[in-house]
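Written out below as structure tokens is the structure these notes cover.
The values are calculated or read from the model by the stated rules, or taken from the named source; none is laboratory data. What you see is a predicted model; the values in this text were computed from it and never measured. Ideal geometry is used to build each Cβ from the backbone, glycine not excepted, and the neighbour counts take in all protein chains shown.
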Amino acid sequence: MTDDVFFAPISDINARLKKREFSTVELVKAFGARLETLGPKYNALALPLTKIALERAKSVDGELKRERYRGPTQGVPFGAKDLLSFAGHPTTWGAKPYATQVFNETATVLQKLDDTGSLLLGKLSMVELAGGGGYRMAGASLTGPGLNPWDITRWAGGSSSGPASAVAAGLVPFALGSETSGSIITPAAFCGVTGLRPTYGLVSRHGAMPLSWTLDKIGPLCRTAEDCGLVLQVISGADSNDPGSAGKSFYYAPQFSRKLTEMKIGFAAVDVEWADPEIRPALDAAIKTLRETGANLVEVKLPDFPWSALISTVIGAESASVFESLFATGQVDELADPSQAAHLKANLAIPATQYLKAMRARILVQKAFRELFEDVDLLVAPARCGVAPKISEPLDGTASPQPQPSAPGMHSLIPAANLAGLPGISFPCGFASGLPVGLQLVGPAFRENALLVVATEFQKRTDWHKRHPLAV
Amino acid sequence: MAQTIPAPAPDPDKQAHDDLQRNADTLAKLSIPMSTEPAFQFKA
């Protein structure tokens, strides 16, 4: 087995397994050794599970030998954010108060991947409690700051820090993360991987840490958009154990999506004013590439709502209820980031009327997005306004002056799309100062295939997603 | 590798309460039609 396998896409690994170029056992051994050696160097590994994966790999090899094929991820190892329960093993939620927590049930998404022959190689680190309180430091995690494989003085992003850095560093072929507002899109952008936030309700959250019941989503972080489609097909579907389940499945079928030449993609020219000057050339080039696909880019305006106040109110009120016992025991003060603990406690004072007002506003938000998507198929915007920040800097924007652009543009697309439950994808579109720059697409609910088609076409025309960092 | 970490905010509790108040003030200005129900459904 050659080292290129560590950065190969899922379809390639699966094909090579079927051709018996290597066995699943050999593959798990190789990735397991790499994850256990390099994972701690990026603070990416929460719990190694190589031994269990090796046992499972033997039976997968038997199935492959009998040509009993279970799906596109069969035989492919993966990692999972440590907010997904794996029966009988610690699930820490990245937080000291839950460091010894063990569940006796396995999360639906992990069970689905196991059923189709994928192998859980390890639990990956995360920002404590998925950052629900609003954290100020990259070090807001039981495992320390998530380090960026492109530059370990930089942050991997949050809250799915481990999944993004492990995929970027070639420690796992893909990983599962979660997003309440930005926790897949942000680390995917900072680490230079492709991350998909599914439509709310498309993927079961049963067995996942709740942070905000009406916002939480589970999604894949992968090397390519195509890989995201393959994983989403496996993990999506109705689940009576998840009250938020939409009762829908996803079939990765890019061939049936509308042609790019028939697509209209909305963008805001003012977004470039929000972006750090160093990433503007990459963003300009990315928009040029999108135009070259034949898609029609048209200027649009994001609906006008107080996005930050709305999402903070919803997350704050729901998380205050979720973590009520943490306040009662006083263990909230064991969190690594005092700012996060303070915000979680303060959220107890959010009035019911304010929460309900935010939830009523979400109906208007959804209506506004439906109207917007009558004119365009998708929206495109920078995934983040800059490259990964230094871990020595506070994350609350006090380290550098904020720009004052002439209009909001799509600056608030992450909270806006999350409030509306819309799917999004972040993929690498260039580099600045040696660090990845990400572009995000957002589409109507349950139109993941359209997002994947555009991102895949972009990746056919560029090689940003094929670049990978040197191991530390 | 030794890492420098940012100093905690001077008064995280005050910052949290200020943030909460700012959100409350912002949403107080938001007008919503009386007929708009919240974005969740109770199912009997």
Take segment A:276-312 and flag every residue that is of a type in the set (Val, Ile, Thr) and surrounded by 15 or more Cβ atoms within 10 Å (Cβ to Cβ).
A:Ile279, A:Ile287, A:Thr289, A:Thr293, A:Val300, A:Ile311
Please enumerate the residues belonging to segment A:30-75 that are assigned to a helix (DSSP H, G or I) and of a type in the set (A, V, I, L, M).
A:Ala30, A:Ala33, A:Leu35, A:Leu38, A:Ile52, A:Ala53, A:Leu54, A:Ala57, A:Val60, A:Leu64
Do you know which of the residues in segment A:311-336 that are assigned to a helix (DSSP H, G or I) and among the small types (Gly, Ala, Ser) is nearest to the other protein chains (Cβ to nearest Cβ)?
A:Ser312
Kindly indicate whether any position in segment A:91-103 is of a type in the set (Lys, Arg) and within 19 Å of A:Val332 (Cβ to Cβ).
yes
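Kindly provide the set of residues from segment A:351-364 that are in a helix (DSSP H, G or I) and facing chain B (nearest Cβ under 10 Å), ordered by number.
A:Thr353, A:Gln354, A:Tyr355, A:Leu356, A:Lys357, A:Ala358, A:Met359, A:Arg360, A:Ala361, A:Arg362, A:Ile363, A:Leu364
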Taking segment A:194-250 and keeping residues surrounded by fewer than 24 Cβ atoms within 10 Å (Cβ to Cβ) and without any contact (Cβ under 8 Å) to a residue 60 or more places away in the chain leaves A:Ala238, A:Ser240, A:Pro243, A:Gly244, A:Ser245, A:Gly247, A:Ser249
Might you check whether a residue that is modelled with pLDDT under 95, at negative phi and surrounded by fewer than 24 Cβ atoms within 10 Å (Cβ to Cβ) occurs anywhere in segment A:422-436?
no
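Given the criteria facing chain A (nearest Cβ under 7 Å), at pLDDT 95 or above and either surrounded by fewer than 10 Cβ atoms within 10 Å (Cβ to Cβ) or assigned to a loop (DSSP other than H, G, I, E, B) (or both), does B:Leu30 qualify?
Here the answer is yes, as B:Leu30 does meet what is asked.
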From the list A:Arg136, A:Arg154, which residue is within 14 Å of another protein chain (Cβ to nearest Cβ), farther than 22 Å from A:Leu47 by Cβ and touching a Lys or Arg at 6+ places or on another chain (Cβ under 7 Å)?
A:Arg154
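For (1) touching a strand residue (DSSP E or B) at 6+ places or on another chain (Cβ under 9 Å); (2) among the aromatic types (Phe, Trp, Tyr); (3) within 11 Å of another protein chain (Cβ to nearest Cβ); (4) at positive phi, each residue gets a yes or a no:
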{"position": "A:Pro338", "(1), (2), (3), (4)": "no, no, yes, no"}
{"position": "A:Ala349", "(1), (2), (3), (4)": "no, no, yes, no"}
{"position": "A:Gln366", "(1), (2), (3), (4)": "no, no, yes, no"}
{"position": "A:Leu379", "(1), (2), (3), (4)": "yes, no, no, no"}
{"position": "A:Pro405", "(1), (2), (3), (4)": "no, no, no, no"}
Identify all residues within segment A:213-259 that are modelled with pLDDT of 95 or more and in a helix (DSSP H, G or I); write none if there are none.
A:Ala225, A:Glu226, A:Asp227, A:Cys228, A:Gly229, A:Leu230, A:Val231, A:Leu232, A:Gln233, A:Val234, A:Ile235
